[in-house]
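Everything below concerns the one structure shown next.
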Amino acid sequence: MAPLDYSKWEHMDDIKAALEDGDEDIGQVGGLVPEGAEVSAKQVGEEMISRVTLTGPNAADFVLQTMQQDPREEVQAKGCLALSQIAEKPEGRTALRKNGGIGIEVVVAAMMSAQPEEVEVQAHGCSALANLAIDEGETLVIAKSGLDAVLESAKTLLKEVTVQRKACLALGNLAFGSEGEAKVLASGGIETVVAAMNAHRKDPVVQEEGIDALVNIADSPDGKKRLLECGGLDVVANAQKHPKCAAVAADLAKQLTELRGSDGTLV
């Protein structure tokens with residue numbers, strides 16, 4: 001990894017002072033590390049999270065630069081987590097969407113270049129994209145291949161509950177507007193959410209996020225018909241067993257039932 005220049009970042013004096021006082025847990029990245037010294041991925045990851053905690057959205061450029069320079073799995077995972085935290089606030093989403101959506105591009109690159117077993121990269125990546133889709137950001141996330149990254153992650157890591165929770169959340173957020181709804185529906189979003197809910201029928205978070213996603217993706221008549229065709233009534237019935245999403249699931253079940261004729265065929 002090329003050395004990072006700390007001179008332009010805030011809290012530089014605080015970091016130097018901490019190092020002089022012997023605090024080895026602060027500032028152990030890039031320009032403050034003696035040339036030739038090896039910096040562990042754990043240290044780099046902790047530095048990114050620490051900066052987000054201290055400076056919030058102001059840490060965005062640092063995290064993005066670090067992720068672009070250091071491809072190690074733990075760095076990418078912690079970087080996606082840091083970006084997800086930054087994107088929880090409006091000013092953070094604005095910072096990550098600037099320059100044509102550089103923050104989205106970095107997250108998508110991390111997810112698509114990760115090995116299948118790199119679960120944390122995928123889970124935190126889905127979480128970051130879910131947050132970046134808030135406040136009408138779904139169009140940009142989809143345009144930057146964020147939808148493709150989420151769908152691939154969900155399909156590849158079907159048995160990983162942490163990934164499925166965040167993938168369902170992301171798909172629901174991406175389908176919040178009419179344009180996003182149509183694209184998620186056309187890309188197989190309903191099938192992906194149904195698969196997640198079937199694979200983790202006892203997990204309350206997957207069920208809750210899954211139902212919320214289906215409400216958005218299947219908002220149109222065509223969406224509801226698609227949901228019925230891929231076993232929607234069964235997954236919605238199962239979701240009603242989970243208290244936090246029982247009412248929403250019951251309402252969706254009623255809407256689906258109304259689409260069926262007396263002979264059970266779609267109206």
The local net charge around CYS245, scoring Lys/Arg +1 and Asp/Glu -1 for residues other than CYS245 whose Cβ lies under 12 Å from its Cβ, equals -3
Under the Karplus relation with 6.51, -1.76 and 1.60 and θ = phi - 60°, whole-Hz ³J(HN,Hα) for the stretch 93-109, x at Gly and Pro, equal 4, 4, 5, 7, 8, 5, 6, x, x, 4, x, 5, 4, 5, 5, 4, 4
By the Cα gyration tensor axes a ≥ b ≥ c (a/c under 1.5 gives rounded; else a/b larger than b/c gives prolate, otherwise oblate), the shape of the stretch 92-203 is oblate
Filtering trypsin sites (Lys or Arg not before Pro) in the stretch 112-194 by DSSP loop and by at most 14 other Cβ atoms within 10 Å leaves LYS159
For the stretch 148-267, shape from the Cα gyration tensor axes a ≥ b ≥ c, cut at a/c of 1.5 then a/b versus b/c, turns out oblate
Summing +1 per Lys or Arg and -1 per Asp or Glu among the other residues with Cβ less than 9 Å from GLY177's Cβ gives -4
The local net charge around MET112, scoring Lys/Arg +1 and Asp/Glu -1 for residues other than MET112 whose Cβ lies under 12 Å from its Cβ, equals -3
Highest mean packing first, using Cβ neighbours within 10 angstrom, the peptides 221-234, 84-97 sort as 84-97, 221-234
Sequence order, the stretch 246-257: Karplus ³J(HN,Hα) from phi using 6.51 cos²θ - 1.76 cosθ + 1.60, θ = phi - 60°, Hz rounded, Gly and Pro as x, gives 4, 5, 5, 5, 5, 5, 5, 4, 4, 5, 5, 4
By Cβ neighbour count within 10 Å, fewest first, ILE217, ILE190 rank ILE190, ILE217
For ARG260, other-chain or 5+-apart residues with amide H closer than 5 Å (H placed, Pro excluded) are VAL267
Note to self: C-alpha centroids of the stretch 197-267 and the stretch 109-157 sit apart, in Å, by 24
Sequence order, the stretch 43-59: Karplus ³J(HN,Hα) from phi using 6.51 cos²θ - 1.76 cosθ + 1.60, θ = phi - 60°, Hz rounded, Gly and Pro as x, gives 4, 4, x, 5, 5, 5, 5, 4, 5, 5, 4, 7, 10, x, x, 5, 8
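Each reported figure results from applying straightforward, stated rules to the coordinates on display, with no laboratory input. None of these values were measured; they are calculated from a predicted model. Quick reminder, even Gly has a Cβ in these numbers, built from the backbone with ideal geometry, and neighbours come from all protein chains shown.
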